[in-house]
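Below is one structure; the comments refer to it alone.
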Amino acid sequence: MSATGRKSERLLNLLIMLLVQRHYVSKDRIREFLYPDASDDAFEKMFERDKEELRSLGVPIEVGNMDAYFDDEPGYRVRPDKLALPDIALTGDEAAVIGLATRVWQHARLADATTEAVRKLTALGVEVDESALDIAEPRLSADEPSFDVFWEATQERTPVEFDYRRPGAARPTTRHLQPWGVVRYSGRWYVVGFDTDRQQERVFRLSRVEGEARRRGEPGSYDVPPGTDVRATAVRLAPAPATGEAVVLVRRDAGVALRADAVSVETDVAGPDTVTPWDRVRINRGGTGVADEVLGYGAAVYVESPEELRAEVVARLQAVLA
């Protein structure tokens, strides 16, 4: 496994360990489970860095005393109710964080790591609450082929080269980027970073990357500017989201990201079938820009309006069948 793979697996294991336990976890316990071969100094550095990585993704790591009656060493935990997605009143920032966490969580190479982490915790005699792993919907609306390269390059701090086609351009151009982070904004995945050709910060929509993105350079060859808010940069630099309203029917317990952007949610409405309950979800993104997001949910989402969005979804489904 590559260094990036090991780091991603360790981050996932740390998240799982803090999430599935009902009480604070001591630093010694965390070290025993995740960093058994690290020296004292290496463990302290890696643990602090890993905590900050998770917090940068929006994971609310809490610090508290192991014993409520004694001022002993601090412990750590992640409360599922703080990380979970409510049906209503979820901010856009929270939705983006969970969207990214979900995409990484279900990454094929990390699926075994999730099972292995729970198995090891159980073997250690740790009381495990596996229901805490159900906070994220097991499907995300877009699966960009270049996502993995940019995500891993962000973790490694490795420059990336890729071919990018701007809207209306006859052909793509080759771009060189020091990626700072990958975020989801207005139903799209974006990579934010420093464009070394133009010597400016830039944002690129992953769906417009053509071919394979390629790492070019050594890991750790650049640093993200201190205080950088990747999502705020994406919102500032990315095109404004499409205006208008879209109305979709969503199966119960599906469409978490759609519900996060909802203006309103009407429950228990008549849907295309009577097998499962449906909800009517209104979102503030009209036109065809939301088609990718809707298509990602498959049969769990049915477009009511606007007509152009419905026509776009139907046309693309027919093209797939053809």
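The values are calculated or read from the model by the stated rules, or taken from the named source; none is laboratory data. Given the structure is predicted, the values throughout are model-derived calculations rather than measurements. Virtual Cβ from ideal backbone geometry, glycine too; neighbours counted across all protein chains shown. For the accessible areas, the whole protein counts, side chains as well, though only heavy atoms, and no ligand, DNA or RNA atoms are used. Shrake-Rupley method; radii C 1.70, N 1.55, O 1.52, S 1.80 Å.
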Open item on the list: When you check S8 against the structure, is it open to solvent by 40 Å² or more (accessible area, probe 1.4 Å), out of contact with any helix residue (DSSP H, G or I) (no Cβ under 6 Å at 6 or more places or on another chain) and under 16 Å from Q155 (Cβ atoms), yes or no?
Closed with: no
Open item on the list: Quick check on my filter: what residues within the range 243-260 are closer than 19 Å to E308 by Cβ and within 21 Å of the chain's Cα centre (by Cα)?
Closed with: L258
Task: Filter result (farther than 13 Å from E62 by Cα, among the charged types (D, E, K, R) and outside any helix (DSSP H, G or I)) within the range 8-35 - done: none
Task: Test set (1) within 22 Å of E293 (Cβ to Cβ); (2) buried (at least 17 other Cβ atoms within 10 Å of the Cβ) - E245 fails condition number - done: (2)
Task: Residues of the range 259-314 satisfying the condition of being modelled with pLDDT under 85, within 14 Å of L249 (Cα to Cα) and hydroxyl-bearing (S, T, Y) - done: T274, T276, Y297
TODO: Give the residues of the range 200-241 that are small (G, A, S), crowded, with 16+ Cβ neighbours inside 10 Å and modelled with pLDDT under 90, sorted by residue number.
DONE: A234, A238
Open item on the list: If I ask for residues that are surrounded by fewer than 18 Cβ atoms within 10 Å (Cβ to Cβ) and over 23 Å from the mean Cα position of the chain (by Cα), which ones from the range 148-194 would you list?
Closed with: D163, R165, R166, P167, G168, A169, A170, R171, P172, T173, T174, H176
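Output the number of residues of the range 29-51 satisfying the condition of being acidic (D, E) and surrounded by 11 or more Cβ atoms within 10 Å (Cβ to Cβ). Quick ask: steps written out before the conclusion?
Our first condition is that a residue be acidic (D, E); within the range 29-51, this holds for 32, 37, 40-41, 44, 48, 50.
Within this subset, residues satisfying the condition of being surrounded by 11 or more Cβ atoms within 10 Å (Cβ to Cβ) are 32, 44, 50.
Of the residues in the range 29-51, 3 are acidic (D, E) and surrounded by 11 or more Cβ atoms within 10 Å (Cβ to Cβ).
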